[in-house]
Amino acid sequence: MSIRILLLYPEHMGLSGDKGNIFALRHRLHALGLRCEVTSASVGDAMPFREYDLIYAGNAPLSGLLPAMADMAPRTEALRAAMDAGRIFLLTGSARCLLGGDLTLRDGTVVHGARLLAESHREVNRFTGEIIATRPGLGRTLYLGCYDRVLETDAASERPLFQTVRGMGDKPAAIYEGVFKNNIYATYMLGPLLVRNPELLEELVEKLAGGQYRPRGESFDAEAKALRLAALEKKKR
Amino acid sequence: MLRLALFLGKIVRFLRRRHSGRSAGALALALCPDFYSRLTVEGKILMVTGSVGKSTVAAAAVHMLRAAGLRVVSNCEDRGLRTGTAAALVSAADYKGRISCDWLVLEADGRISDAVLSLGKPEILLVTGLFPHHGPASCRSSAIKSLIERAAGPETRLILNALDPGMTDILPELPRIRYGAAPGANARPSMNLVGPRTSCPHCGGKLSYSRVFHHHLGEYCCTACGTRTPPADYLLTAGESTSPAFAVNGVPFCTDLAAAHHYLNLTAATALVCEALGIPVEKAAELCADYRLNARFYSETQLDGRRIVFLLCRSGNPISFDRGLEYVAARPETKTVLLYTEAAPLPMSADISWLYDTSFEFLFKTAETVVCAGDGRLDTAARLHYTGYKRENILVCHDDSQLSAMLGATRGTLYILTGPVAAERILRLLQKGGRP
């Protein structure tokens, strides 16, 4: 069995260690005896989303995001078909704008997204920081991440991916962050999200591997997260 | 208050002369907030900036200028650009705040304030490279470009890296010369995860590369507007990663570190000194003859018969780390690598993104055992695991006091890749703990 991953716009996006997510997925799938084929697609390329099991895009500065959004905007129908077919989308950092609605830049320019998600974005001053969050309705497991962004988002009508315990949500004072719709995982958390959060990695690997999935044993990722959580707990006391 | 700041700063500097000068600089700035504006520089200024390599270029230039018998003041000899700059000027200034020198060589990036820039406009401004998005915020291209615009005066001459397409639109009204590397100067194919910029800074068209040098450098050509790598006035014409010899414009140089990135930095320093003094490359090669890398960047020691090599690799900076990893990978002997990684500064202290822009793949199959220590030990171990290392070849040291014993069970030359503060601590631990 072979798992096919489509990596979107690697020359524009994925400049914040986002490759870590691909490394983690590939490593886990190999450990389960599955082949993993990663294909890149860029501006102007054919993107048969339904032929892939997972579609991934990583963080980018606005200079990289805007050409990618312009290329993605007319692909709504193909994206919708893939979403309805249960394909997994993982979008980290500013890449979540690819599937969202309009992005309003500081100078008033409006850039269209693919409008698969009912959310709109706005360019604002830069925010950086760390997030500690839970998954709404999915227990008390804590998820960790970082953001470094110049965007805020209105996504009130979408199901959030995270509920923040600490750090900023979709916009200042918002407690919800990201979107979880069908199999779309979209979050402003940037970089190696799946390495930082092995639970999320296992969730995706289980969906991809189906009956061949086996939980993994010890991992440095999980130990690193446990160490970080212990440090946070100590700080709280 | 300036006199008091200088007086106390010089005392602190003397008392802590075996340490970095940061405390002297911090004290001077605390006592005299307008410290820089009260100083007068009686000499010409050379400024070295860029995303990576500026410390090495500035240090080599300072060495060559001093070898030419000139009086040189520089901030590249103290750690930490903010307080290090103040510390260097505390040492150099008299009690009236006069800095008498022939040349003030300033290493600069986004951390350098406008107050420091008010010391004067640089005669020559050298830019080593511009990285669009990686590494510390103060070293990103936006921060460096902003600094260049603030620092340069109408008479400033620029020295630019010809291999960096990001440099093509820097202050086009100013005169410039360029340095670069000829094909063959770095024969190793690039293994870096992070590649050079792909869009033309002029027209946004696609850049194609006939070769890539390190991460962000290469022979480029825009497929839309035809912008291409300009010719270099100072050209690195030889230099392999296993030989200590290289050449600039065909003139042989010799150095103590066989590493291609080091040669390019020395080519930049040569360009700077030749342009500043109006001397030929042959003379620069003479001035460079006894140049040795500052121990902050590279040092070797023997501990109970085992060779220990320290390489400066800053956590959070994939560009810096990649060069260290590439260097270690090219050494043929049996070796153990200690990666001592530290947490990023707040507010992104848990940000491990940089590990996944850093090419730890260089190490795979070239170092038998890797020891991970420091705050980021488990994150680094996870990253190594994803390169293909088996768990049993990755040793994680959770307690620094156990480091010596853990390293004692490993073989071969010990390469320590970390920042300067951690390096001092590790060496002390190893000396206390006996044979590593």
### Per residue accessible area of the stretch B:2-287, 1.4 Å probe, in Å²
38
### Summary
For chain B, averaging the sequence separation of alpha carbon pairs under 8 Å that lie six or more residues apart and dividing by its residue count, the contact order in percent is 12
## Note on the structure
Here the equivalent ellipsoid of chain B, derived from its Cα gyration tensor, has semi-axes (largest first, whole Å) of 33, 29, 21
### Task
Mind giving me the nanometre distance, one decimal, between the label points for B:SER118 and B:ARG98, set 7 Å out from Cα along Cα→Cβ?
2.1
### Query
Using a probe radius of 1.4 Å on protein heavy atoms only, what is the accessible area buried between chains B and A, both sides summed, to the nearest 100 Å²?
2700
### Summary
Cα pairs beyond 17 Å in the stretch B:6-67, in percent, come to 61
#### Entry: Pairwise FRET efficiency - A:ALA85 versus B:ASP304, Cβ, R0 = 51 Å, nearest 0.05
0.20
### Message
Probe radius 1.4 Å, ligands and nucleic acids ignored: give me the carbon and sulfur share of the accessible area of chain A as a rounded percent.
### Response
52
### Task
Can you work out the accessible area per residue across chain A, with the rest of the protein chains kept in place, probe 1.4 Å, in square angstrom?
40
### Query
Label 7 Å along Cα→Cβ of A:ARG75; the stretch A:8-23 residues with amide nitrogen under 11 Å?
A:8-10
### Message
Run the simple label-point estimate for B:ASP34 and B:ALA409 please: 7 Å along Cα→C-beta, distance reported in nm.
### Response
6.2
### Query
If you take the C-alpha gyration tensor of the stretch B:298-433, multiply each eigenvalue by 5 and take the square root, what semi-axes do you get, largest first, in whole Å?
21, 17, 14
#### Entry: Accessible-area composition of the stretch B:2-287, carbon plus sulfur, in percent [1.4 Å probe]
53
### Query
Solvent-accessible area per residue for the stretch B:298-433 at a 1.4 Å probe radius, Å²?
35
### Task
Evaluate the Debye formula for chain A with equal point scatterers sitting on the alpha carbons, no solvent, and hand back log10 of I(q)/I(0) at q = 0.12, 0.13, 0.16, 0.18 Å⁻¹, in q order, two decimals.
-0.63, -0.75, -1.15, -1.46
#### Entry: Over the stretch B:21-169, volume per residue of the alpha carbon convex hull, in Å³
107
### Query
What residues does the stretch A:13-30 have that are buried by at least 40 Å² of accessible area in the full protein assembly compared to the chain on its own, 1.4 angstrom probe?
A:LEU15, A:GLY17, A:LYS19, A:PHE23, A:HIS27
### Task
Determine which residues of the stretch A:177-197 fall in the zone a paramagnetic label at A:LEU229 would reach in this model, i.e. backbone nitrogen under 12 Å from the point 7 Å along Cα→Cβ.
A:197
### Query
In the Gaussian network model of chain B, springs joining C-alpha atoms below 10 Å, which of B:VAL309, B:VAL273, B:VAL127 carries the largest mean-square fluctuation?
B:VAL309
### Message
Could you tell me the calculated FRET efficiency between B:PHE7 and B:ARG428, based on Cβ-Cβ distance and R0 = 22 angstrom, to the nearest 0.05?
### Response
0.10
### Task
Please give, to one decimal in nm, the separation of the simple spin-label points placed at A:VAL110 and A:LEU138, each 7 Å out from Cα toward the Cβ.
3.3
#### Entry: Full-extension gain in nm, A:SER157 to A:LYS207, via 0.36 nm per residue minus C-alpha separation
15.5 nm
### Query
Which trypsin sites (Lys or Arg not before Pro) in the stretch A:21-128 pass both tests, a DSSP loop state and at most 13 other beta-carbon atoms within 10 Å?
A:ARG106
### Query
Which trypsin sites (Lys or Arg not before Pro) does the stretch B:396-436 hold that lie in a coil by DSSP with at most 11 other beta carbons within 10 Å?
B:ARG411
### Task
Divide, for the protein assembly as shown, the radius of gyration over alpha carbons by 2.2 N^0.38 Å, where N is the residue count.
0.98
### Summary
Note to self: C-alpha centroids of the stretch A:76-100 and the stretch A:158-237 sit apart, in Å, by 18
### Task
About the Cα centre of the stretch A:26-116, how large is the charge dipole given +1 on each Lys and Arg Cβ and -1 on each Asp and Glu Cβ? Please answer in debye to the nearest 20.
280
### Task
Place a +1 charge on the Cβ of each Lys and Arg in the protein assembly as shown and a -1 charge on the Cβ of each Asp and Glu, then give the dipole magnitude about the Cα centre in debye, rounded to the nearest 20.
1560
### Task
Have a look at the stretch A:185-222 and report residues whose accessible surface goes down by 20 Å² or more when the remaining protein chains are included, against the chain on its own, probe 1.4 Å, ligands and DNA/RNA excluded.
A:PRO192, A:VAL195, A:ARG196, A:GLU218, A:PHE220, A:ASP221
### Summary
Count of lysine pairs, chain B, Cα-Cα under 16 Å, sep. 8 or more residues or interchain, comes to 6
## Note on the structure
Excluding near-sequence neighbours (fewer than 8 apart on one chain), chain A holds lysine pairs with C-alpha atoms under 21 Å apart numbering 7
#### Entry: Of A:LEU34, A:LEU103, A:LEU65, the one that fluctuates the most in a GNM where chain A has Cα springs shorter than 10 Å
A:LEU34
### Task
Please work out the C-alpha center-to-center distance from the stretch B:57-86 to the stretch B:289-358 and express it in whole Å.
22
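The values are calculated or read from the model by the stated rules, or taken from the named source; none is laboratory data. Given the structure is predicted, the values throughout are model-derived calculations rather than measurements. Positions of Cβ are backbone-derived with ideal geometry, glycine not excepted, and every protein chain shown enters the neighbour counts. The protein model used for the area step is the full one, side chains on, heavy atoms only, and it has no ligands, DNA or RNA in it. Shrake-Rupley method; radii C 1.70, N 1.55, O 1.52, S 1.80 Å.
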